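Data first, discussion second: the structure below is written as structure tokens.
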Amino acid sequence: MRVQRAVAASPERVFALIERSVAADMEQAGRKPGPAGIRRGTAYTKSMRTKLGASRSVKVRVEAFDAPHLYEASFTSADGVNRVRYEVESAGGGALVSYEESFEAPTRLGSLNGRIMQRLYAHRAKRRMNALLDVMEAQLAAE
């Protein structure tokens with residue numbers, strides 16, 4: 001699923017915010033970005049809580065990092081692989097930000113179930129994804 005929004009900030013400022021967010025997530029998981037910063041292949045493990053409150057270990061890997069245009073990461077757990085992707089383009093003095101999420105289950109049945117659930121909860125997911133972009137936009141406006 002994908003959402004897109006024009007923001008009143010340069011692609012460089014938008015991407016710098018994404019990069020700071022990823023670095024903070026890494027540090028919270030106990031790993032600091034190396035001297036070269038965040039790059040494709042950067043990986044770390046973090047603990048997350050499921051919707052039911054259980055603790056889950058998640059392996060995070062940066063799949064693409066091309067400042068100031070593209071960031072993609074995979075989050076691998078026992079449930080499967082979640083992917084998030086930000087694409088940032090110049091647009092009329094600001095930036096066009098695209099945010100995308102996808103999920104791959106480890107089994108064919110799980111993948112089918114995931115696609116069915118994605119359709120059932122599409123509206124809720126889009127609302128959550130737009131809220132995430134709202135927060136990004138507010139942080140950029142506050143800088």
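The values are calculated or read from the model by the stated rules, or taken from the named source; none is laboratory data. The structure presented is a predicted model; accordingly, all values stated were derived computationally and were not measured. All Cβ positions, glycine included, derive from the backbone under ideal geometry; neighbour counts span all protein chains shown.
Of everything in the stretch 1-58 that is of a type in the set (Val, Ile, Thr) and buried (at least 16 other Cβ atoms within 10 Å of the Cβ), the residue that is farthest from the chain's Cα centre (by Cα) is Val7.
Answer yes if at least one residue in the stretch 3-15 is within 22 Å of Ser102 (Cβ to Cβ) and small (Gly, Ala, Ser), and no otherwise.
To start, the set of residues in the stretch 3-15 that are within 22 Å of Ser102 (Cβ to Cβ) comprises 3-5, 14-15.
From what's left, small (Gly, Ala, Ser): none.
No, the stretch 3-15 has no match at all.
Would a scan of the stretch 83-91 turn up a residue that is without any contact (Cβ under 8 Å) to a residue 40 or more places away in the chain and touching a helix residue (DSSP H, G or I) at 6+ places or on another chain (Cβ under 9 Å)? Within the stretch 83-91, not a single residue is without any contact (Cβ under 8 Å) to a residue 40 or more places away in the chain and touching a helix residue (DSSP H, G or I) at 6+ places or on another chain (Cβ under 9 Å).
Looking only at strands (runs of 3 or more DSSP E) that lie completely in the stretch 24-138, which have at least 3 residues being modelled with pLDDT under 85?
Numbers: elements: 43-49, 55-66, 70-77, 80-91, 94-104.
In the stretch 24-138, no matching strands (runs of 3 or more DSSP E) lie anywhere.
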